[in-house]
Amino acid sequence: MPLPWGAQIHDPHRGPKFPREAIEVPKDRALTLRQLHDLQDFVKRLCKSGLLRYPDDQFNKHRAGKSIKWTRISQHEIVSTVIRKIIPKEHSCSWTELVAHGQPQTRKFFCSHSWAETFRDFMAAIDLHARENGVSIEDTYWICVYANDQFHLELGKTLEQSPFYTALQGAHSTLLMLDKAADALNRLWVIFEMNETTRLGQRLFIWTPLGQVGTGLVGSGPIMQALGRLDTSEACASHPVDQRQIMNFVAGINELEGICFAEDGVTKQLKPSMPQGTHEHTLRTEFHVQF
């Protein structure tokens, strides 16, 4: 059985060779539907063989060392137990660069999602979208988990320089992927991607493991209720700098307000004179219409 990077599982030299050839343009680091299926099969085999276990970190104290079930594995665990185990830090690259062998794969569809969604549900939504829209096995989906180097993520100085924006701009459509809990709606990067899709006049569709929102299968229930309760001012980003920069951008002010650069001239940090929380509260109050 082939491995995602092209080797056969019985091949004694089946491990990938590094360094891999870089794909410089972010929008060209999408995965084909075929490559997504290859990854799905690979992760499923690893889970069912008991080889994947929750890492011992701050997020998994209560389950560290326990086997990860196929029905429960999320993008978080795929990064920590698959991507970062196969790709060495000293030769880091994106998953796409691992499996595409240096060939640019320009995105057709841009996926906006939460890492907390189970990969099984994510792929169920992808497959429904593909079937309903006549997507070929070589059509491409841009998914940040696999398009970005998970050891060295470079976001750029401005949001419009980020790989998220450059991949989103000009995409055939943005697919907002929601699970039953609709966790993605609490993520500020997702709100930014929805906002920019609309601002650029591009198409936005919401997909779930049951189908497209607004169709007969997903016209009511918890997901529709979550959409009805959506309050973008309460969405959060994992990093305080991202939180501030995106909120500034959505509010329509200088996106680097309250942000400075470290000595390396690249790393962004919050200005000490504007601690976390205070500026964000002011934005929510003064620019509530934008949110």
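From the set of residues in the range 1-35 that are farther than 25 Å from residue 141 by Cβ and basic (Lys, Arg), which is modelled with the lowest pLDDT?
So, considering only residues that are farther than 25 Å from residue 141 by Cβ and basic (Lys, Arg), the one modelled with the lowest pLDDT is 14.
For the list (1) touching a Lys or Arg at 6+ places or on another chain (Cβ under 9 Å); (2) assigned to a loop (DSSP other than H, G, I, E, B); (3) surrounded by 13 or more Cβ atoms within 10 Å (Cβ to Cβ), I need the number of the one condition that residue 47 fails.
(2)
Specify the residue that is farthest from residue 123 (Cα to Cα); the eligible residues are those in the range 57-77 that are of a type in the set (S, T, N, Q) and either surrounded by 16 or more Cβ atoms within 10 Å (Cβ to Cβ) or not assigned by TED's automatic domain parsing to the domain that holds residue 115 (or both). Spell out the reasoning first.
At the first step, the residues of the range 57-77 found to be of a type in the set (S, T, N, Q) are 58, 60, 67, 71, 74-75.
When the remaining residues are screened for being either surrounded by 16 or more Cβ atoms within 10 Å (Cβ to Cβ) or not assigned by TED's automatic domain parsing to the domain that holds residue 115 (or both), the result is 60, 74-75.
Values: 60: 24, 74: 11, 75: 11 Å.
In this case the residue turns out to be 60.
The rows are residues; the columns are (1) on the phi > 0 side of the Ramachandran plot; (2) in contact with a strand residue (DSSP E or B) (Cβ under 9 Å, 6 or more places away or on another chain).
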site: 214; (1), (2): yes, yes
site: 221; (1), (2): yes, no
site: 244; (1), (2): no, yes
site: 256; (1), (2): no, yes
site: 260; (1), (2): no, yes
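Just name the residue that is modelled with the lowest pLDDT out of those in the range 203-231 that are of a type in the set (Val, Ile, Thr) and either outside the structural domain of residue 153 (by TED's automatic domain parsing) or in a loop (DSSP other than H, G, I, E, B) (or both).
Initial filter on the range 203-231 (of a type in the set (Val, Ile, Thr)): 206, 208, 213, 215, 218, 223.
Now drop any that are not either outside the structural domain of residue 153 (by TED's automatic domain parsing) or in a loop (DSSP other than H, G, I, E, B) (or both), which leaves 213, 215.
Numbers: 213: 89, 215: 82.
So the residue we want is 215.
So residue 197 clears everything in (1) part of a helix (DSSP H, G or I); (2) without any contact (Cβ under 8 Å) to a residue 24 or more places away in the chain; (3) of a type outside the set (Phe, Trp, Tyr) except one condition, right? Which one?
With respect to (1) part of a helix (DSSP H, G or I); (2) without any contact (Cβ under 8 Å) to a residue 24 or more places away in the chain; (3) of a type outside the set (Phe, Trp, Tyr), residue 197 is out only on (2).
Criterion first (outside any helix (DSSP H, G or I) and either of a type outside the set (Val, Ile, Thr) or more than 20 Å from the chain's Cα centre (by Cα) (or both)) does residue 279 satisfy it? Don't jump to the end; show me each part of the working.
Values: outside any helix (DSSP H, G or I): no; either of a type outside the set (Val, Ile, Thr) or more than 20 Å from the chain's Cα centre (by Cα) (or both): yes.
Here the answer is no, as residue 279 does not meet what is asked.
The values are calculated or read from the model by the stated rules, or taken from the named source; none is laboratory data. Predicted model only: the values in this text are computed from it and were never measured. Ideal geometry is used to build each Cβ from the backbone, glycine not excepted, and the neighbour counts take in all protein chains shown.
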